[in-house]
Amino acid sequence: MRVDEIIATRGEPTFSFEFFPPRTEEGERNLRETLTALRELKPDFVSVTYGAGGSTRDRTVALTKWIKQGLEIEAMAHLSCVGATTGELCEILDGLESAGIDNVLALRGDPPRGETDWKPHPGGLHYSTELASLISERYQFCVGAACFPEVHPEAPDLAHDLRFLREKVEAGATFAITQLFFDNELYFRFVEDARAAGIEIPIIPGIMPITDFKQIKTITGMCKASIPQRLLEALEWRAHDSDAVLQLGVAYATLQCAELLAGGAPGIQFFTLNRSPATRAILSSLRLLRPWAGRLAEPVGADAAG
């Protein structure tokens with residue numbers, strides 16, 4: 001089923017998980033255990049990332065097929081322009097189509113590991129808008145796009161970033177998933193600005209529960225996402241105690257998601273890092289609380305991490 005149709009017909013917020021293809025047999029076993037555990041939560045769909053430089057291309061396709069056919073969970077494959085000609089991209093799309101996959105997240109992609117500058121492949125595509133157009137013109141996939149509440153690191157300003165997102169919509173994208181963020185005001189403001197710019201597609205917030213302080217600092221440093229000062233201070237105070245960091249991370253993400261859903265977000269995409277405990281706890285709490293059924297009393301944002 002198409003993600004845009006799931007959002008339109010669900011009647012309640014959607015919940016989805018993002019995974020990355022493992023590189024080792026141990027990673028493969030761990031991921032299968034994680035997927036088995038999260039399957040019980042009946043996610044609306046699961047997405048599978050595409051490694052920098054297309055490094056996990058074959059594993060992305062194989063894992064997406066297994067989720068769809070083996071686990072019978074709706075699946076979405078990430079696809080980027082990096083490291084492939086247009087013909088090779090079409091071969092991948094042909095394989096996804098034959099496997100019954102309905103959804104593709106169209107991305108430009110990051111440079112291969114060890115490189116800092118984006119270089120299009122000779123004979124390939126330059127931008128995610130071109131990839132979205134290719135998919136929409138030749139296939140029946142539901143096309144998703146990425147967006148950035150704190151502005152894409154390469155964009156000069158928000159206005160430029162929103163114009164590019166609108167081009168993605170015009171190229172065929174029917175929903176978007178945000179980069180991770182930790183201050184909800186960033187999301188609400190971004191959605192408001194997007195609507196003012198004529199962008200009407202559903203914008204799903206992407207949430208990464210904090211489970212490891214060093215890891216989240218590395219990730220936010222790479223994608224240029226900010227951590228609110230009071231949350232950062234609370235994490236630093238607990239940095240010597242991994243369990244305390246995990247507990248704070250789960251609590252903060254639960255409150256963050258609750259406010260987003262109460263404020264009208266169409267769903268939540270959890271960036272799981274191929275682990276299940278934190279996401280299981282958060283989603284189970286949200287389904288008990290049902291914040292989308294009524295506004296919460298207090299906001300969760302830059303000043304909410306005591």
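So which residues in region 194-224 are small (Gly, Ala, Ser) and either without any contact (Cβ under 8 Å) to a residue 24 or more places away in the chain or farther than 14 Å from Lys168 by Cβ (or both), if there are any at all?
Ala196, Gly206, Gly221
Taking the conditions exactly as written (farther than 20 Å from Pro277 by Cβ and in contact (Cβ under 8 Å) with a residue 24 or more places away in the chain), does Ile92 satisfy them or not? Write out each step before concluding.
On the way: farther than 20 Å from Pro277 by Cβ: yes; in contact (Cβ under 8 Å) with a residue 24 or more places away in the chain: yes.
Yes: the conditions hold for Ile92.
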Among Leu186, Leu134, Leu162, Leu235, which is the only one that is open to solvent by less than 10 Å² (accessible area, probe 1.4 Å) and outside any strand (DSSP E or B)?
-> Leu235
Can you pull out the residues in region 271-281 that are in contact with an Asp or Glu (Cβ under 8 Å, 6 or more places away or on another chain) and either polar (S, T, N, Q) or under 17 Å from Leu248 (Cβ atoms) (or both)?
-> Thr272, Ser276
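Would you be able to say whether some residue in region 245-267 is farther than 27 Å from Lys42 by Cα, part of a helix (DSSP H, G or I) and not hydroxyl-bearing (Ser, Thr, Tyr)?
Within region 245-267, the subset farther than 27 Å from Lys42 by Cα is 245.
Okay, now just the ones that are also part of a helix (DSSP H, G or I), so 245.
Filter again for not hydroxyl-bearing (Ser, Thr, Tyr), leaving 245.
Among the residues of region 245-267, at least one is farther than 27 Å from Lys42 by Cα, part of a helix (DSSP H, G or I) and not hydroxyl-bearing (Ser, Thr, Tyr), which makes the answer yes.
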Would you point out the residue of region 218-232, among those that are open to solvent by 60 Å² or more (accessible area, probe 1.4 Å) and of a type outside the set (Ser, Thr, Tyr), that is farthest from Glu150 (Cα to Cα)?
-> Arg230
Test result for Pro156, more than 24 Å from Phe270 (Cα to Cα) and not hydrophobic (A, V, I, L, M, F, W, C) = yes
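Within region 75-109, restricting attention to residues that are in a loop (DSSP other than H, G, I, E, B) and under 15 Å from the mean Cα position of the chain (by Cα), which residue is surrounded by the fewest Cβ atoms within 10 Å (Cβ to Cβ)? Please lay out each step first, then the result.
So the first thing to find is which residues in region 75-109 are in a loop (DSSP other than H, G, I, E, B), and the list is 81-85, 99-102, 108-109.
Now drop any that are not under 15 Å from the mean Cα position of the chain (by Cα), which leaves 108-109.
Numbers: Arg108: 19, Gly109: 24.
Per the stated criteria, the residue is Arg108.
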Those residues of region 282-306 which are modelled with pLDDT under 95, open to solvent by less than 50 Å² (accessible area, probe 1.4 Å) and aliphatic (A, V, I, L, M) amount to Val300, Ala302, Ala304, Ala305
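Restricting attention to region 191-222, which residues are assigned to a helix (DSSP H, G or I) and of a type in the set (Asp, Glu)?
Going residue by residue through region 191-222, those that are assigned to a helix (DSSP H, G or I) are 191-196, 213-222.
Residues satisfying the conditions are Glu192, Asp193.
Going by the conditions given, is Glu259 open to solvent by 80 Å² or more (accessible area, probe 1.4 Å) and modelled with pLDDT of 95 or more? Talk me through it step by step, then tell me what you get.
Details: open to solvent by 80 Å² or more (accessible area, probe 1.4 Å): no; modelled with pLDDT of 95 or more: yes.
So Glu259 fails the test.
Determine if region 52-73 includes at least one residue that is basic (Lys, Arg), at pLDDT below 95 and either touching a Lys or Arg at 6+ places or on another chain (Cβ under 7 Å) or over 29 Å from Ala265 (Cα atoms) (or both).
Start the filter on region 52-73 by keeping residues that are basic (Lys, Arg), which leaves 57, 59, 65, 68.
Restricting the remaining residues to those that are at pLDDT below 95 gives 57, 59, 65, 68.
Checking which are either touching a Lys or Arg at 6+ places or on another chain (Cβ under 7 Å) or over 29 Å from Ala265 (Cα atoms) (or both) leaves us with 57, 59.
The answer is yes; a qualifying residue exists.
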Out of (1) surrounded by 19 or more Cβ atoms within 10 Å (Cβ to Cβ); (2) touching a residue at least 40 places away in the same chain (Cβ under 8 Å); (3) of a type in the set (Val, Ile, Thr), the one Val61 does not meet is (2)
Spot the failing condition for Pro22; the list is (1) part of a helix (DSSP H, G or I); (2) farther than 27 Å from Glu137 by Cα; (3) under 18 Å from the mean Cα position of the chain (by Cα), and only one is missed.
-> (1)
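The values are calculated or read from the model by the stated rules, or taken from the named source; none is laboratory data. This is a predicted model, so every value here is computed, not measured. Neighbour counts run over all protein chains shown; Cβ positions are idealised from the backbone, glycine included. What goes into the accessible areas is simple: the full protein's heavy atoms, side chains included, and nothing from ligands, DNA or RNA. Shrake-Rupley method; radii C 1.70, N 1.55, O 1.52, S 1.80 Å.
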